[in-house]
Amino acid sequence: MAGFKIFSKFHGELQLQAGLPKKFNKIIPGAECGYVAHNEMYMAFQRVKVGPYGLVFSHYNGMSNSDRYSCEDDEPVIEINFNIDGKARIDLTSHDWVVFQPEYHEIMILPYVKDQVHFLTNNLENFGIHIPYSKFKLLAKKFKHLRPLLKAYENQKFGFLNKKIPIKTSIKSMALLIQLTQRIERGLYDQITLEMLEQLIEQSLVQDIENKPSKKLKFSYVDIERVINFHRKLRSDLSVPVSIKI
Amino acid sequence: MIPGKLRKGFKLVYDITPYEYRQQCVYEYIYEQMKNSNYTTLSELVDMSNTQNVTEFAKQFKRYIGVDPKNLLKKE
């Protein structure tokens with residue numbers, strides 16, 4: 001996480017330390033970890049690699065809604081960022097201030113990072129997929145809507161898939177993301193996880209481009225996790241007849 | 001989550017209702033049992049399903065597996 005810096009409007013640069021905060025329990029096995037702790041709040045970052053993709057799990061806890069935070073990084077990035085929980089106003093490197101809600105995501109090209117965040121809830125949980133240039137080039141061949149983004153990356157400019165970022169995440173993508181996260185939390189960085197990740201990337205792109213998910217459906221990640229658990233339950237104990245009453 | 005929402009969410013994620021999914025799993029399980037054991041009559045298998053009689057069982061089995069279960073019974 002060299003080159004990654006975090007600032008508070010009131011307290012200046014916040015020191016990023018190696019490891020994770022005390023009592024933090026959402027640990028990703030084998031992840032490169034870093035955190036910032038200040039008074040009662042913390043920000044925890046865990047980065048892992050699945051195949052050529054970089055995955056970043058970010059947890060923000062006890063955030064002050066009167067402060068404004070910013071982060072900087074010199075590295076260019078092609079990223080799909082999913083908001084799992086919590087709400088914040090974000091300014092993605094002077095693109096514009098937008099509200100990032102739970103169950104929304106954004107697809108963007110950043111030649112460098114200089115984001116500002118104003119937290120609207122005490123907690124925020126994000127999941128970011130960093131797509132390598134070679135893979136994004138292949139995706140742009142398949143999806144013509146990505147070609148301007150590829151061009152933006154090659155010319156070191158900013159690029160966003162939709163003008164009105166972020167985008168509502170479809171229920172199927174949410175389900176895939178939960179299952180992917182569950183595998184990673186068990187330390188499974190195998191071919192199945194990689195295929196699941198690539199399916200999530202493609203599915204998100206197809207649904208963003210072709211079938212924009214309905215905003216009327218109100219399903220949280222917790223709701224979809226219950227659906228997945230129920231699916232598992234139905235598959236188990238097949239020797240015992242059960243009646244399904246829901 | 002309220003039950004109706006769970007059912008709706010299930011259908012949206014898996015494109016199948018929970019009931020249909022369970023039925024599919026049960027008949028796949030019975031199919032595996034039939035392949036691996038020596039069942040000679042269908043009445044031995046009715047209890048594993050949610051059906052009341054052999055006729056209904058055979059009908060449901062064919063619906064989910066696509067094969068007449070009588071053809072999978074071992075000859076005595």
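The values are calculated or read from the model by the stated rules, or taken from the named source; none is laboratory data. All values reported here derive from a predicted model rather than from experimental measurement. Here the Cβ is made from the backbone with ideal geometry for all residues, glycine too, and neighbour counts use every protein chain on show. Calculation scope for accessible area: heavy atoms of the full protein, side chains included, ligands and nucleic acids excluded. Shrake-Rupley method; radii C 1.70, N 1.55, O 1.52, S 1.80 Å.
The figures follow:
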{"item": "Selection count, region B:10-62, where residues are closer than 30 Å to A:Asp223 by Cβ, out of contact with any Phe, Trp or Tyr (no Cβ under 7 Å at 6 or more places or on another chain) and part of a helix (DSSP H, G or I)", "result": "10"}
{"item": "Residue in region A:145-158 that is closer than 21 Å to A:Ser58 by Cα and exposed (fewer than 15 other Cβ atoms within 10 Å of the Cβ) present", "result": "no"}
{"item": "Filter result (modelled with pLDDT of 95 or more and of a type outside the set (A, V, I, L, M, F, W, C)) within region A:36-46", "result": "A:Gln46"}
{"item": "Close pairs (7 angstrom Cβ cut-off, 6 or more residues apart or separate chains): more than 7 Å from chain B (Cβ to nearest Cβ) in region A:217-237, surrounded by fewer than 19 Cβ atoms within 10 Å (Cβ to Cβ) and not in a helix (DSSP H, G or I) anywhere", "result": "A:Ser220/A:Pro102; A:Tyr221/A:Asp85"}
{"item": "Flag if B:Val54 is more than 22 Å from A:Asp237 (Cβ to Cβ) and in contact with a helix residue (DSSP H, G or I) (Cβ under 7 Å, 6 or more places away or on another chain)", "result": "yes"}
{"item": "So B:Thr17, is it away from every other protein chain (no Cβ under 12 Å) and not hydrophobic (A, V, I, L, M, F, W, C)", "result": "no"}
{"item": "Test result for A:Ile165, outside any helix (DSSP H, G or I), within 28 Å of A:Phe143 (Cα to Cα) and touching a residue at least 60 places away in the same chain (Cβ under 8 Å)", "result": "yes"}
{"item": "Check on A:Pro132, of a type outside the set (D, E, K, R), more than 15 Å from the chain's Cα centre (by Cα) and open to solvent by 60 Å² or more (accessible area, probe 1.4 Å)", "result": "no"}
{"item": "Any pair with Cβ under 8 angstrom, 6 or more apart, that starts in region A:42-56 at a residue that is under 17 Å from A:Gly19 (Cα atoms) and ends at one that is surrounded by fewer than 17 Cβ atoms within 10 Å (Cβ to Cβ) and of a type in the set (Val, Ile, Thr)", "result": "A:Gln46/A:Ile27"}
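So that you can scan it fast, the table gives a plain yes or no per residue for (1) more than 9 Å from chain A (Cβ to nearest Cβ); (2) modelled with pLDDT under 90; (3) out of contact with any strand residue (DSSP E or B) (no Cβ under 7 Å at 6 or more places or on another chain); (4) open to solvent by 60 Å² or more (accessible area, probe 1.4 Å):
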{"position": "B:Lys8", "(1), (2), (3), (4)": "no, no, yes, yes"}
{"position": "B:Lys11", "(1), (2), (3), (4)": "yes, no, yes, yes"}
{"position": "B:Cys25", "(1), (2), (3), (4)": "no, no, yes, no"}
{"position": "B:Ile30", "(1), (2), (3), (4)": "no, no, yes, no"}
{"position": "B:Asn38", "(1), (2), (3), (4)": "yes, yes, yes, yes"}
{"position": "B:Thr51", "(1), (2), (3), (4)": "yes, yes, yes, no"}
{"position": "B:Phe61", "(1), (2), (3), (4)": "yes, no, yes, no"}
{"position": "B:Val67", "(1), (2), (3), (4)": "yes, no, yes, no"}
{"position": "B:Leu73", "(1), (2), (3), (4)": "yes, yes, yes, no"}
